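Structure record follows, encoded as structure tokens.
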Amino acid sequence: MVNLIIFGAPGSGKGTYASRLKEKLNVEVIATGDIFREMIKKDTPLGRKVKAYVEKGLLVPDDVTLEVLKENMAKIPKGKGFILDGYPRTLEQAKALNGLTKIDAIIHLVVPDWIIIERLSARRICKNCGAIYNLLFLKPKKDMICDKCSGPLYQRSDDTPEVIKRRIEVYEKQTQPLLDYYREKGIPFVEAKCEKLETPPEAVVQEILTGLKKLSLA
Ligand code: ADP
């Protein structure tokens, strides 16, 4: 059983890699961004509140986020590990997580800004199953149709240049300092670099798995 956090700027590929690592490591993935988008889609009262933040590229308040995390952690079958994608994003959230569970390692995605901006503007997502595509280098076989479930693809409303810029700023200011927090705690890091736009996800996943094996976590 292994508990991991995947860190990286918006568009660094957290969701893409986490969903692939899920199969290989037999863990659950908790992606707070996905959970919030689902709540917005269902138009629940909390979903309406959350929408205002997500659409602006701002962080959803910590109390709401922590409740959502706890609810989803409780659903993980006993004995199964997890990857957190998109949580924690603030020091407050990291401290709250500390009281809930132990973390075995941090996966840190290192991706230059220019790749992030190119990727996010070309990102498309399946409305039905959430699979992630990219019109540049991870194209669906049929135009705007999901390879896996034939659902329609759409562009996230926060993948616009202005909101992308805000999300990157928020990441640098509020989330990046958490890397030091975990380093100081002595949690091991697995770094994965992506320096080319065309690097296939599988190559990065392999790099992560190699790092986890060195730590005897895969
Ligand atoms: P990305 O990492 O590409 O920005 P996510 O899907 O992880 O995308 O998150 C989308 C949005 O959901 C964020 O911009 C933020 O508004 C909200 N969000 C997700 N996770 C958190 C969190 N842990 N705390 C606060 N807000 C969050």
| message | Quick check on ILE83: is it at pLDDT below 95 and within 15 Å of the ligand (Cβ to nearest atom)? | response | no
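Determine if the range 60-70 includes at least one residue that is under 25 Å from VAL190 (Cβ atoms) and either at pLDDT 95 or above or within 8 Å of the ligand (Cβ to nearest atom) (or both).
yes
Yes/no per residue for (1) open to solvent by 70 Å² or more (accessible area, probe 1.4 Å); (2) of a type outside the set (Gly, Ala, Ser); (3) modelled with pLDDT under 95:
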residue: LYS165; (1), (2), (3): yes, yes, yes
residue: TYR182; (1), (2), (3): no, yes, no
residue: GLU195; (1), (2), (3): yes, yes, yes
residue: SER216; (1), (2), (3): yes, no, no
| query | In the list ILE76, ILE83, which residue meets the criterion of being at negative phi, in contact (Cβ under 8 Å) with a residue 40 or more places away in the chain and open to solvent by less than 20 Å² (accessible area, probe 1.4 Å)? | reply | ILE83
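Report the residue count in the range 86-121 for those that are small (Gly, Ala, Ser) and more than 12 Å from the ligand (Cβ to nearest atom).
Going residue by residue through the range 86-121, those that are small (Gly, Ala, Ser) are 86, 94, 96, 99, 105, 121.
If we keep only those that are more than 12 Å from the ligand (Cβ to nearest atom) as well, we get 99, 105, 121.
Of the residues in that region, 3 qualify.
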| remark: The condition of being under 27 Å from LEU59 (Cβ atoms), of a type in the set (S, T, N, Q), more than 15 Å from the chain's Cα centre (by Cα) and open to solvent by 60 Å² or more (accessible area, probe 1.4 Å) holds, among GLN206, GLN174, only for GLN174
| task | Tell me which residues, restricted to the range 79-112, are basic (Lys, Arg) and closer than 19 Å to ARG20 by Cβ. | result | LYS80
| said: Taking the condition of being open to solvent by less than 10 Å² (accessible area, probe 1.4 Å), away from the ligand (no atom under 12 Å from the Cβ) and assigned to a loop (DSSP other than H, G, I, E, B), how many residues in the range 4-47 meet it? | reply: 1
| said: Suppose we keep only residues that are under 18 Å from PHE189 (Cβ atoms) and not in a helix (DSSP H, G or I) within the range 88-100. Which one would you say is most open to solvent (accessible area, probe 1.4 Å)? | reply: ARG89
| said: Cβ contacts < 7 Å: first residue within 17 Å of GLY33 (Cβ to Cβ), restricted to the range 165-189; second residue among the hydroxyl-bearing types (Ser, Thr, Tyr) and open to solvent by less than 40 Å² (accessible area, probe 1.4 Å), any location; separation 6+ or different chain. Result? | reply: GLN174/THR90
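The values are calculated or read from the model by the stated rules, or taken from the named source; none is laboratory data. No experiment lies behind these values; they were computed from the predicted model shown. Here Cβ is always computed from backbone atoms with ideal geometry, including for glycine, and neighbour counts include all displayed protein chains. Accessible surface areas use protein heavy atoms only, side chains included; no ligands, DNA or RNA. Shrake-Rupley method; radii C 1.70, N 1.55, O 1.52, S 1.80 Å.
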